[in-house]
1. State to the nearest 20 debye the size of the charge dipole of the chain about its Cα centre, where the only charges are +1 on K and R beta carbons and -1 on D and E beta carbons.
2. Given springs between every Cα pair under 10 Å in a Gaussian network model of the chain, which of 150, 136, 48 has the largest fluctuation?
3. So what's the back-of-envelope 222 nm ellipticity for the chain, counting only DSSP H runs of four-plus at -39500 (n - 2.57) apiece and dividing by all residues, rounded to 500?
4. Which one, 148, 95, 79, is farthest towards the positive end of the dipole of the stretch 18-163 when Lys and Arg carry +1 and Asp and Glu -1 on their Cβ?
5. Can you compute the charge dipole magnitude of the stretch 104-193 about its Cα centre, using +1 on each Lys and Arg Cβ and -1 on each Asp and Glu Cβ, nothing else charged? Give it in debye, rounded to the nearest 20.
6. Going by a ≥ b ≥ c, the root eigenvalues of the Cα gyration tensor, does the stretch 2-204 fall in the rounded group (a/c under 1.5), the prolate group (a/b larger than b/c) or the oblate group?
7. Based on the mean of other Cβ atoms within 10 Å per residue, sort peptides 106-112, 34-40 so the most packed one is first.
8. Once phi is turned into θ = phi - 60°, what whole-Hz ³J(HN,Hα) does the Karplus curve with 6.51, -1.76 and 1.60 give for every residue of the stretch 139-146, x standing for Gly and Pro?
Amino acid sequence: MLLGVYPKPLSSGLVNNYASYVPIEYKNTNTWDIRIDENINEKNTLFGVFDRSLYAVVVPSKLPGVAVGETGGRNDSLPAYAWAVDYTRIFTPTLTNDMHVGMVHSDKLQLPFYGNKFGIPAQFGIQGVQQVANNGGLPSITVSGLTHLGVGNYTPTLQYVWSIEGVDTVTKVYRNHTFKTGFQIDDLEGDISQPPHPMNWQRLK
């Protein structure tokens, strides 16, 4: 039944014999920034910035026809944002304090078209396949000499990463010397989930 997924050849030979289907990858990118520079007075300055990016890709399936969603293809979404604030205080001509706080957050959501549609393996005579959210569709299957079927490697991937940093620095100039002290705090965290494929058939002959 799986062989019925493949289109009939349009030219002679055992390889590269179907050329009328040209998969198109759709990409969409939106980015914008906001920045503020404020000189409050001669002793106080403030800086702030916020960056936002939304990157999305539709990766097409390898084969055409009604089984498109069953033979691969996925939606990739990579939203991210970052912000930073800096405040500088001049106490005296020789004593200043600078404080900086910033954060970065980014996601990577790589989801198959039919990730939440179960029962597709049974339609092709493959019984007993256990499936959970995001790993539905046709399992990863390699047919010797033919195009790979099912979802690709690292699909699905649900990744959430963020980091935050805080820095405060005091600078003192004394005669011909400059002294600097302060502290820095960093926190980096990431959650990555990759639900396993329902089945991994390495080779069918």
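Read-outs throughout are calculated quantities, based only on the coordinates presented, and are distinct from any laboratory measurement. These figures come from a predicted structure and were not determined experimentally. Note that we place each Cβ from the backbone using ideal geometry, even for glycine, and neighbour counts take in every protein chain shown.
1. Magnitude of the dipole: close to 860 debye.
2. In this elastic network of the chain, the residue with the biggest mean-square fluctuation among 150, 136, 48 is 48.
3. The helix-only estimate for the chain comes to -500 deg cm²/dmol at 222 nm.
4. 148
5. Roughly 200 debye for the stretch 104-193.
6. In terms of gyration-tensor shape, prolate.
7. Ranking the peptides 106-112, 34-40 by packing returns 106-112, 34-40.
8. So the J values, rounded to whole Hz, are x, 6, 9, 10, 9, 3, x, 10.
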